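Structure, as structure tokens:
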């Protein structure tokens, strides 16, 4: 190999390795169909003190992170706006908070998505 070829390979590696590091967007949408089963949905189970099968048993098929933009004024039940999405929360939704939950807090949402509607199964404060 001549020195020009070696330099070209070195430049190509230096340019492509950082791109691979940033290719996975941790804060984007995560749809179970697009990822290996369990890779996103089971990462933080130890924090929840729930069995590993909890989200599977509840039919969770969608997860995302976002800021709470709007919450019901009288309790937790109702439609929340999180990261630009409407999310239904009811008595069956598990909510894990570190401190008082309020608008502009960042949360992780694990939900059932059906016909474009999101029903929260679990919400965790970041």
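Coordinate-derived values only; no laboratory data. Just so you know, these numbers come straight off a predicted model, no measurement behind them. Here the Cβ positions follow ideal geometry from the backbone for every residue, glycine too, while neighbour counts run over all protein chains shown.
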Residue tally, condition surrounded by 14 or more Cβ atoms within 10 Å (Cβ to Cβ) and outside any strand (DSSP E or B), over the stretch 87-109:
3
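Is it fair to say residue 112 is closer than 23 Å to residue 54 by Cβ and surrounded by 11 or more Cβ atoms within 10 Å (Cβ to Cβ)? Don't jump to the end; show me each part of the working.
On the way: closer than 23 Å to residue 54 by Cβ: yes; surrounded by 11 or more Cβ atoms within 10 Å (Cβ to Cβ): yes.
When the stated conditions are applied, residue 112 passes them.
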Take the stretch 49-68 and flag every residue that is surrounded by fewer than 16 Cβ atoms within 10 Å (Cβ to Cβ), within 16 Å of the chain's Cα centre (by Cα) and not in a loop (DSSP other than H, G, I, E, B).
56, 67
Residues of the stretch 69-86 being outside any loop (DSSP other than H, G, I, E, B) and under 15 Å from residue 125 (Cα atoms), in sequence order, are 69, 70, 80, 81, 82
